[in-house]
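See structure below.
The values are calculated or read from the model by the stated rules, or taken from the named source; none is laboratory data. Remember, it's a predicted structure, so these values are computed and weren't measured experimentally. Don't worry about glycine lacking a Cβ; one is built from the backbone with ideal geometry, like all the others, and counts go over all protein chains shown.
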Amino acid sequence: MESSRVAISKNLNNIIDGGRRDNKLYAVVYDVITKEDDDLAVSKDVGVGGIGSVQFRFINNKSATTSEDLPIAYPLNKNLTTLPVRNEIVIIHEFGGSYHYSRLGGDITPNINTFSNLISQIFGISTTSESNSKNYQNVSQTGITEKSNTGTNSETDGYGTYFNPQNISKLRLYEGDTLLESRFGQSIRLSGYNNPNNEFYPTITIRNGQQPNIETQQTEENINNDGGIIFLSSGDRLLNYTLPTTNKKESFFNYPNELRGNQILLNSDRIILSAKTEQMIFAAKQDIGFITDSVFSIDTTQGINITSEGQIDLDSKGKTITLDTGGGKINLGFKAGDSGIDYAVKGKALQNILRDFMEVVGQQIMITPAGQTAPGATNKAKLSTLIERLGEILSENVQLK
């Protein structure tokens, strides 16, 4: 955004002007050591302990020092490393003969607070005092992005090997906040008043990835649209969360109308919960609900146990319910191993046996003292009617193999 560039330009000009007056205070980063085998790490022989260090040049250093001779500064806080990028201005602290750096604040966006050619702007100008004064005046008037007339050093331009600026906005602050905010839209916020009425409801917000299409310089975490978010709320704080499903929640009778109180929300495009060696336990004093617009599935190698002291309802909304045992048994009404078991009847087999039986009865010949009777019972017509109705014993919805 153009307004951001103007604000950054003004901020940099003030820092540069102050850095030229103050002895060894402000410096420009030339390179950042991110691996122990970086060329700079090897040449400076800093080893693993030098990871996170920067090579820098003081702003007031106008000598013709080559980049190989520039000093190294270590992170000021060894427990919290926030790396600058090339061409960024840092504050240098000297302790016991070694340098340490800290990043500057006052940036419009947390992603970048400098320009890719800042080293060329500051150190790529003529060394005569008259030329210095003239060129610096031009830079101050036109903005730091205007290169000097004496050329630039392309080796020092850019923000690093692969770092590219992103459109990241700063987070809005609330009174008393503790905020850890990175360049890339990640943040951890510990707040007490980040709610519409600024009432005291402590919250913790962990965010990874700013929601897309933000055009303002300042934004807030969005529990529905940020890339991934963990939100811990308390008190009467209302959680403005919207389910990503169109499912009607017909089985979740007690789904809350408002999400208030002590609660934890995890929301992202995909969530994976994995217990590598021990159990995964879900416990709730009230209902547990699964809501999805797609398929709910369970794959297990050692079985499924369900014990309910209440009614169990399965509603397939007119669709088929299939129990595939792969040749195993289905026990209804008793547990495996119980005595006194009985067996379910196969409908087709029963139908065929009854048909054969009734046809035999209909054709039977009785032996009497007076001789044989004629074939067939006197109620043969009724037997024929019953044979035609045998299909009625077959269920239309339940099938057995």
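Details
- Among (1) exposed (fewer than 14 other Cβ atoms within 10 Å of the Cβ); (2) more than 18 Å from I223 (Cα to Cα) - the single one F252 does not satisfy: (1)
- Failed item in (1) at pLDDT below 95; (2) outside any loop (DSSP other than H, G, I, E, B), with N267 passing the rest: (1)
So that you can scan it fast, the table gives a plain yes or no per residue for (1) assigned to a loop (DSSP other than H, G, I, E, B); (2) at pLDDT 85 or above; (3) in contact with an Asp or Glu (Cβ under 6 Å, 6 or more places away or on another chain); (4) not assigned by TED's automatic domain parsing to the domain that holds T219:
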site	(1), (2), (3), (4)
I92	no, yes, no, yes
Y99	no, yes, no, yes
F115	yes, yes, no, yes
I119	no, yes, no, yes
I122	no, yes, no, yes
I144	yes, no, no, yes
K147	yes, no, no, yes
T150	yes, no, no, yes
Y162	yes, yes, no, yes
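- There is at least one residue in the range 40-58 that is under 21 Å from Y162 (Cα atoms), in a loop (DSSP other than H, G, I, E, B) and not polar (S, T, N, Q).
- Identity of the residue in the range 364-401, small (G, A, S) and in contact (Cβ under 8 Å) with a residue 24 or more places away in the chain, that ends up nearest to N331 (Cα to Cα): S395
- Residue match in the range 60-75 (condition: assigned to a strand (DSSP E or B) and in contact with a Gly (Cβ under 6 Å, 6 or more places away or on another chain)): yes
- Taking the range 196-222 as the range and being touching an Asp or Glu at 6+ places or on another chain (Cβ under 8 Å) and among the charged types (D, E, K, R) as the test, the residues that pass are E199, R207.
- The lone exception for N208 - which of (1) at pLDDT below 95; (2) surrounded by 15 or more Cβ atoms within 10 Å (Cβ to Cβ); (3) not small (G, A, S) it fails: (1)
- Residue within the range 235-253 that is assigned by TED's automatic domain parsing to the domain that holds L190, small (G, A, S), in contact (Cβ under 8 Å) with a residue 40 or more places away in the chain and over 30 Å from T109 (Cβ atoms) present: yes
- Residue check for G289: in contact with a Lys or Arg (Cβ under 9 Å, 6 or more places away or on another chain), within 28 Å of I108 (Cα to Cα) and in contact (Cβ under 8 Å) with a residue 40 or more places away in the chain: no
- In the condition set (1) touching a strand residue (DSSP E or B) at 6+ places or on another chain (Cβ under 9 Å); (2) surrounded by 18 or more Cβ atoms within 10 Å (Cβ to Cβ); (3) not β-branched (V, I, T), S120 is compliant with all but (1).
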